[in-house]
Amino acid sequence: MHIRSLRLLHDSFPTRNFYPFNLDIFQKSDVMEFSRPVTFFIGENGSGKSTLLRAIARASTIHIWEEREGNRDPHNPYENLLHTSLRIEWTDGKVPGSFFASEIFRHFTEILDAWGIADPGYLNYFGNSSLVLKSHGQSHMTFFENRFNRKGLYLLDEPENALSPKMQLGLLRLLRQLISRGDVQFIIATHSPLLLAFPDAEIFSFDAVPIRKIGYEDTDYFRIYWDFLNNRKKYLDEI
């Protein structure tokens, strides 16, 4: 692992009244230790998992492509400052890497196309062809196959959004192939029970305070999908 642990420095929080510093999950969690090359963050929408993933990227000096700069809430000057209250313990110092989020990926592909017009060599790092011209899911997989094939720290925010179940299984195979080299680490925020099934992965749940590790079969994702698939009529009768 490139990152061995991260600590939330509560004494350095610039506020406790504004997001994300007002969330109990951050005020009452201390240290997260990483012992596997693949780690998942899970939790309901708004639980803080994507916020922490972005903070890790900023604290690691990994660029986050944005369509626009600044905060979503113009009245909250603290929205993007969680990284200033993180202490990351590295195994052998910082490594390069990338941050992926489906919601901003289209913007990245359009920028990449513009670079490719000026210098076609840029596309060599992403499958030798325009990602814009591929389907949403195909462009995601092409990016994963080419960008992750280098030593580094890779942070993914809900990569399953554009992927069919078959493609999600393809991503699992890709992850297993990549970590066999021993020079990559993945931290992934997800709602996918397929991705969460990755063998020997660590799963951190943001649904309870403090953040805690949880087993695959103890996740709501596994339990709800399992129960639905085995008792579909019961659920549909309740709709």
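The values are calculated or read from the model by the stated rules, or taken from the named source; none is laboratory data. For clarity, every value in this text was computed on a predicted model and none was experimentally measured. As a convention, Cβ positions derive from the backbone with ideal geometry for all residues, glycine included, and neighbour counts pool all protein chains shown.
Inspect all residues belonging to segment 1-22 and state whether any of them is at pLDDT below 95 and within 24 Å of Ala197 (Cβ to Cβ).
Scanning segment 1-22 turns up at least one residue that is at pLDDT below 95 and within 24 Å of Ala197 (Cβ to Cβ).
For Leu174, all conditions in the list (1) among the hydrophobic types (A, V, I, L, M, F, W, C); (2) over 22 Å from Gly48 (Cα atoms); (3) at pLDDT below 95 hold save one; what is the number of the exception?
(3)
Residue-by-condition table, conditions (1) modelled with pLDDT under 75; (2) surrounded by 15 or more Cβ atoms within 10 Å (Cβ to Cβ); (3) not β-branched (Val, Ile, Thr):
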{"residue": "Leu81", "(1), (2), (3)": "no, yes, yes"}
{"residue": "Ser85", "(1), (2), (3)": "no, yes, yes"}
{"residue": "Ala101", "(1), (2), (3)": "no, yes, yes"}
{"residue": "Ile117", "(1), (2), (3)": "yes, no, no"}
{"residue": "Ser135", "(1), (2), (3)": "yes, no, yes"}
{"residue": "Thr142", "(1), (2), (3)": "no, yes, no"}
{"residue": "Tyr154", "(1), (2), (3)": "no, yes, yes"}
{"residue": "Ala162", "(1), (2), (3)": "no, yes, yes"}
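Looking only at residues in segment 212-232 that are touching a residue at least 12 places away in the same chain (Cβ under 8 Å) and surrounded by 12 or more Cβ atoms within 10 Å (Cβ to Cβ), which one is farthest from Leu52 (Cα to Cα)?
Looking only at segment 212-232, we keep the residues that are touching a residue at least 12 places away in the same chain (Cβ under 8 Å), and these are 214-216, 219-222, 225.
Those left that are additionally surrounded by 12 or more Cβ atoms within 10 Å (Cβ to Cβ): 214, 216, 219-222, 225.
Values: Ile214: 18, Tyr216: 21, Thr219: 20, Asp220: 21, Tyr221: 20, Phe222: 23, Tyr225: 26 Å.
Ranking the candidates gives Tyr225 first.
Specify the residue that is surrounded by the fewest Cβ atoms within 10 Å (Cβ to Cβ); the eligible residues are those in segment 36-59 that are closer than 17 Å to Arg87 by Cα and not charged (D, E, K, R).
Taking the candidates together, the pick is Ala59.
Identify the residue in segment 3-27 that is of a type in the set (A, V, I, L, M) and surrounded by 14 or more Cβ atoms within 10 Å (Cβ to Cβ) and, among all such residues, is nearest to His75 (Cα to Cα). It would help to see each step written out before you state the result.
First pass over segment 3-27, keeping only residues of a type in the set (A, V, I, L, M): 3, 6, 8-9, 23, 25.
Restricting the remaining residues to those that are surrounded by 14 or more Cβ atoms within 10 Å (Cβ to Cβ) gives 3, 6, 8, 23, 25.
Working: Ile3: 33, Leu6: 29, Leu8: 24, Leu23: 17, Ile25: 22 Å.
Selected residue: Leu23.
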